[in-house]
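Asker: Structure in structure tokens, see below.
The values are calculated or read from the model by the stated rules, or taken from the named source; none is laboratory data. Since the structure is predicted, the reported quantities are computational estimates derived from the model, not experimental observations. With ideal geometry, Cβ positions are generated from the backbone for all residues, glycine too; neighbour counts draw on all protein chains shown. All accessible areas refer to the heavy atoms of the entire protein, side chains included, with ligands and DNA or RNA removed. Shrake-Rupley method; radii C 1.70, N 1.55, O 1.52, S 1.80 Å.
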Amino acid sequence: RRSGQYTMNHDHSKKTPDGALFDRSGSQDSLDELSMDDYWKELENIHETRGNNHEERVALVVKEPDEGELEEEWLKEAGLSNLFGESSGDSLESVVFLSTLTRTQRAAVEKRVETVTQTMRKKNKQHQIPDVRDIFRLQNDSKGKVCDGSEPSTVRTSENKNETQDGTKGLKFSLGTDEQKSQLEDMPFSDTDINLEISFAEQAANLKDSSVGKMCKGGGGDTLLPNFRLPKDKTGTTKIGDLAPQDMKKVYSLALIELTALYDILGTEFKQQKAVKIKTKDSGLFGVPLSVLLEQDQKKVPGTKIPLIFQKLIAQIEEATLETEGLLRIPGVATRVKSLCQELEAKFYEGTFNWENVKQHDAASLLKLFIRELPQPLLTVEYLKAFQDVQNLPMKKQQLQALNLLVLLLPEANRDTLKVLLEFLQRVIDHRDKNKMTLKNVAMVMAPNLFTFHGFGSKTIEQSEFVMAAGTANVMRFMIQYQKLLWTIPKFIVNQVRKQNTERQKKEKKDKAMKKLLKKMACDREKHEKQEKTPNDADVPQGVIRVQAPHLSKVSMAIQLTEELKASDIVTRFLSQKSGNVQTLEKEEVFLYEIGGNIGERCLDDDTYMKDLYQLNPNAEWIIKSKQS
């Protein structure tokens, strides 16, 4: 019965005109029939596994939102819920946030506020309902003179007379505001360079307005993906995990607004799905929410960020060698996989499970089963559809930009687990000469496990799986191929975070009582430090920074900034000062951190040019420490 269904699907794929399946996006790259075959076979294996498992699954209900509800939820997620409803009067915090948005980001927010406002008026809610124009009027008034083109790469924050800010000079932040058009035209970025300095939505709007957009569509019959790369950033590349949690919250809000703005510009609908809560298992291995798994795992291994069973299954597959032909594609024996699954549930945490008897293909099947059995998809209910819709964006570069923003939106546990999975898949592909598993094959086999989610009920999957097949496999291919790029936080977003922090600090400084208190405390501290410490930062001459390293033998050093001085040079200099009574740390274990000023905390990559970064954040402190401390 099952094989009949498979044949029907397979024949259908042959009869479907090319246009219906492959021309939805240029990224489809002439997928050959053989690799599509892997997709359908994998789907068939999944159906068989489900057929063997007669326990009734609870389908995850995706709630159909009422009018305005999506937009209201979106504004809450973006941290802008105080623009409407009972708390709409208290939107001072939002004013700071909104003042840092790009033109296209602001348009995205305005559009959603307008919808919520209209809905509230219809429902006649007795809230203060602001006019969307009033919300942005404050910034528009204060930014009237910004875009005169004289400083293409700066946003001046305090030069206008109608701003009541203190006399601090505006720092250079490259944001995606109106003056970015000239910046975009001047930048020598090639088609394969990923420009992280300017808002993705601004780039898309600029392309739309120019003829360039018509030339670089991602079409053609190339089977190789473009060799996208990140041009070097002198102030250092920021990876996920480099920023402090309070700044990551801001990154999340900005990424959500930016992704929405990008989809708005490209005419693709961006809708977050909303899952109705269902009862899930509160212990065990398979079918357990990631958060519950990690909670129980952290009792055994404190600080673990990836479920232990997931780590162990990957280790088990790798132990046998990654050169096995058909690895991940050839399924394990279904009955054996089922009994292994039950045995693992009973014995894994006790440590009595015998891994020696687990065959490699069975371990691979268990790994895929683990992903499929999660009560909510690894890519989350909220964003699974958005990940799928990436295939509809017109250019490969835009598809990559959207995936970058989506990865930033995933909860930490999902993102960390996805990263370990993608790194493992890349290691499998690295042995393709022996195992015959190319990027395309691996993507075909893994796509159904990540994208056809059991919880949405079988009907939706059956109807849409054929349409989705090539598209989701390509999204999977992008995620594997460009995983290093996807875990980078775009510089324009980091700069917006810096600007928010700067603006907030200015607001805080206006509290005179606080100022007096701080001054008194600073005076007291200065007296105290002068009595018992080496010269402090106030004594550091211009062009010199003081770096602290509390855990190393040399705890403090004044460093002269030069054009070529990098973060790695400073770390090396400290580590060369050996001392017998301090534990020896390797260079890989410690990092230079930028702390305070206009950022919460940021771990610097080795190639950060310190003089450039100092100019961006002159009030920061510089500390060498390990990532754990």
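Asker: Tell me, what is the 1.4 Å probe accessible area of Cys523, in Å² to the nearest 10?
Answerer: The value for Cys523 is about 70 Å².
Asker: With the other protein chains left in place, how much accessible area per residue, in square angstrom, belongs to the stretch 541-628 at a 1.4 angstrom probe? Please list the in-between numbers first.
Answerer: Values: 4330 Å² over 88 residues.
With the other protein chains kept in place, the stretch 541-628 gives 49 Å² per residue.
Asker: Moving on. Starting from the residue with the highest accessible area, list Glu621, Glu350, Glu594 in decreasing order, probe 1.4 Å. Walk me through the intermediate numbers first.
Answerer: On the way: Glu621 100, Glu350 130, Glu594 0 Å².
Sorted by accessible area, descending: Glu350, Glu621, Glu594.
Asker: Let me make sure I get this right: for the stretch 541-628, a, b and c are the square roots of the gyration tensor eigenvalues over alpha carbons, sorted descending. Under 1.5 in a/c it's rounded, otherwise prolate if a/b > b/c, else oblate. Which is it? Don't jump to the answer; show the numbers that get you there.
Answerer: Details: a/c = 1.77, a/b = 1.53, b/c = 1.16.
It comes out prolate by the Cα gyration axes.
Asker: OK, next. Packing-wise, with mean Cβ within 10 Å as the measure, how do 487-497, 385-395 rank, highest first? Don't skip to the answer; put the middle values down first.
Answerer: Numbers: 487-497: 23.6, 385-395: 20.9.
Result, highest mean Cβ count within 10 Å first: 487-497, 385-395.
Asker: Could you rank Lys516, Lys611 by how accessible they are, 1.4 Å probe, largest area first?
Answerer: So, going from the largest accessible area down, we get Lys516, Lys611.
Asker: With only Lys, Arg, Asp and Glu charged, each at its Cβ (+1 for the first two, -1 for the last two), find how big the charge dipole of the stretch 541-628 is about the Cα centre; round to the nearest 20 debye.
Answerer: On the way: 10 positive and 13 negative charges, 81 e Å.
About 380 debye.
Asker: Shape verdict for the stretch 467-508, please, from the Cα gyration tensor: rounded (a/c under 1.5), prolate (a/b greater than b/c) or oblate.
Answerer: It is prolate, given that a/c is not under 1.5 and a/b is the larger ratio.
Asker: May I pose another question? Might you report the magnitude of the Cβ-based charge dipole of the stretch 232-344 about its Cα centre, with Lys and Arg at +1 and Asp and Glu at -1, to the nearest 20 debye? It would help to have the intermediate numbers written out before the result.
Answerer: On the way: 17 positive and 14 negative charges, 86 e Å.
Result for the stretch 232-344 is approximately 420 debye, rounded to the nearest 20.
Asker: Measure off, as a whole percent, the carbon and sulfur share of the 1.4 Å-probe accessible area of the stretch 281-392, all protein chains present.
Answerer: On the way: 2380 of 4780 Å².
Looking at the stretch 281-392 in its full context, I get 50 percent from C and S.
Asker: If you average over every viewing direction, what projected area does the convex hull of the Cα atoms of the stretch 290-488 give, in nm²? List each step's numbers first, then the result.
Answerer: Details: hull surface 45.8 nm².
Mean projected area of the Cα convex hull: 11.5 nm².
Asker: Can you give the accessible area of Ser339 in Å² (nearest 10), computed on protein heavy atoms with a 1.4 Å probe?
Answerer: Number for this one is 60 Å².
Asker: Here is a further query. Relative to the Cα centre, what is the charge dipole magnitude of the stretch 290-488, using +1 at the beta carbon of each Lys and Arg, -1 at the beta carbon of each Asp and Glu, and rounding to the nearest 20 debye?
Answerer: On the way: 24 positive and 21 negative charges, 99 e Å.
With Lys and Arg at +1 and Asp and Glu at -1, about 480 debye.
Asker: A further question on this structure: Quick one: accessible surface of Asp209, probe radius 1.4 Å, all protein chains present, in square angstrom to the nearest 10.
Answerer: It works out to around 110 Å².
Asker: Which of Pro618, Val571, Ser553 sits closest to the plus end of the dipole of the stretch 541-628, meaning its Cα is farthest towards the positive end, when Lys and Arg get +1 and Asp and Glu get -1 on the C-beta?
Answerer: Ser553
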